[in-house]
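Working notes, structure below.
The values are calculated or read from the model by the stated rules, or taken from the named source; none is laboratory data. Being a predicted model, the structure only gives us computed values, none of them experimental. Please note: Cβ atoms are built from the backbone with ideal geometry, for glycine as well, and neighbour counts cover all protein chains shown. For accessibility, only protein heavy atoms count, side chains too; no ligands or nucleic acids. Shrake-Rupley method; radii C 1.70, N 1.55, O 1.52, S 1.80 Å.
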Amino acid sequence: MPRSRRKITGHFPTYKSLLLHLWDLRVTSGLTQEDVAKSIRVSRPQYNRIESGYSMISLRQLVYIAELYGKTLSALFEGVH
């Protein structure tokens, strides 16, 4: 019997805020999910699952994203609450 997919963000409002922030950074930078996926070394479908809250993002992937946007890891979290 297939397992139902559950969003991780329902129980972690700060994580949801982080994902919205990452989405906003991507869109305002004019990048596609494919662009970000390549930068963090995952497939586009996997990045879609991360951005939509169905998969967790790793610390290593957050470091890659910070580098992509020319930010420090702590700066990446500015505005996330």
Could you please tell me which pairs satisfy a Cβ distance under 7 Å, a separation of 6+ or placement on different chains, a first residue in the range 14-37 that is closer than 22 Å to His81 by Cβ, and a second residue that is hydroxyl-bearing (Ser, Thr, Tyr) and open to solvent by less than 60 Å² (accessible area, probe 1.4 Å)? Tyr15/Thr9; Lys16/Thr9; Leu19/Thr9; Leu25/Tyr69; Ser29/Tyr69
How many residues are open to solvent by 60 Å² or more (accessible area, probe 1.4 Å) and on the phi > 0 side of the Ramachandran plot when one looks only at the range 31-53? 1
Could you please let me know if Leu62 is outside any loop (DSSP other than H, G, I, E, B) and modelled with pLDDT of 95 or more? yes
Considering only residues that are within 13 Å of the chain's Cα centre (by Cα) and open to solvent by less than 80 Å² (accessible area, probe 1.4 Å), which ones fall in the range 54-72? Tyr54, Ser55, Ile57, Ser58, Gln61, Leu62, Val63, Tyr64, Ile65, Ala66, Leu68, Tyr69
The number of residues in the range 34-50 that are under 12 Å from Ile65 (Cβ atoms) and in contact with a helix residue (DSSP H, G or I) (Cβ under 6 Å, 6 or more places away or on another chain) is 5
